[in-house]
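Beneath this line is the structure, given in structure tokens, with notes to follow.
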Amino acid sequence: MINFKEMKDRVRIVDVLVHYGVRLRCKFGSEYASTACPLPTHPEHDKGNNAFGMHIPTNRWQCKDTKCGAKNGVGDKWGDCINLVMVLDGITARDAAIKIDTWFPREKTAPLSEARAVQGAVAAPLPHIPDNTSPSDSVKVGYMQSVG
């Protein structure tokens, strides 16, 4: 049985796009990424635009072109990983979920909510690596003595 909600939470759209060879552009500090629309529903004469966008924190995508939106099943709403594969391959939701599950199996992928929590955390120093940094007032002594 396919758990669609679990899959939407687990699989990142960025990873699905990379699987299809699509690379997103993102400005430093922005929560949005964009690229030329890869969807077959996008008008041919306008393929080179930057209409396809993704909101990284919510893991959602959208094409800003109204003609593409009218045909891709998402319209002016935001899509998820399942309907992205549906549109790209012209298949049903069930078939898209099966494909996604073969590409990104449950046991190998941490849930997106866990990944978001980890991104906000500060990593603790590793216990097996000595801290050879020196206090700011003894820069010449601390580090070089420990190296030598």
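The values are calculated or read from the model by the stated rules, or taken from the named source; none is laboratory data. Because the structure is a prediction, the values reported are computed rather than measured. Virtual Cβ from ideal backbone geometry, glycine too; neighbours counted across all protein chains shown. Accessible surface is based on the protein model in full, side chains and every heavy atom, while ligands, DNA and RNA are left aside. Shrake-Rupley method; radii C 1.70, N 1.55, O 1.52, S 1.80 Å.
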Inset, instruction - Return the residue satisfying two criteria in turn: it lies in the range 20-51 and is within 17 Å of Val85 (Cα to Cα) and touching a Leu at 6+ places or on another chain (Cβ under 8 Å), and of such residues it is modelled with the highest pLDDT. - result: Tyr20
Legend entry - One residue from Leu84, Leu39 being within 30 Å of Arg106 (Cα to Cα), part of a helix (DSSP H, G or I) and not basic (Lys, Arg): Leu84
Legend entry - Whichever residue in the range 52-72 is touching a Lys or Arg at 6+ places or on another chain (Cβ under 8 Å) and open to solvent by 10 Å² or more (accessible area, probe 1.4 Å) and, among such residues, is nearest to Leu84 (Cα to Cα): Gln62
Inset, instruction - May I ask you to verify whether Ser138 is over 23 Å from His19 (Cβ atoms) and either modelled with pLDDT of 90 or more or among the small types (Gly, Ala, Ser) (or both)? - result: yes
Inset, instruction - Name the single residue, out of those in the range 31-69 being more than 20 Å from the chain's Cα centre (by Cα) and free of Cβ contacts under 8 Å to residues at least 24 places away in the same chain, that is nearest to Thr102 (Cα to Cα). - result: Gly69
Legend entry - Within the range 14-36, tally of residues that are surrounded by 13 or more Cβ atoms within 10 Å (Cβ to Cβ) and in a helix (DSSP H, G or I): 5
Inset, instruction - Would you check if there is a residue in the range 22-31 being touching a Lys or Arg at 6+ places or on another chain (Cβ under 6 Å) and of a type in the set (S, T, N, Q)? - result: no
Legend entry - Unmet criterion (only one of (1) at positive phi; (2) not in a loop (DSSP other than H, G, I, E, B)) for Trp61: (1)
Legend entry - Filter pass, Gly53 being of a type outside the set (Lys, Arg), in a strand (DSSP E or B) and within 25 Å of Glu6 (Cα to Cα): yes
Legend entry - Unique residue being surrounded by 21 or more Cβ atoms within 10 Å (Cβ to Cβ), charged (D, E, K, R) and modelled with pLDDT of 90 or more when the list is Asp95, Asp89, Asp80: Asp80
Inset, instruction - Using the structure shown, decide if Val11 is open to solvent by less than 30 Å² (accessible area, probe 1.4 Å), of a type outside the set (Gly, Ala, Ser) and either without any contact (Cβ under 8 Å) to a residue 40 or more places away in the chain or touching a helix residue (DSSP H, G or I) at 6+ places or on another chain (Cβ under 7 Å) (or both). - result: yes
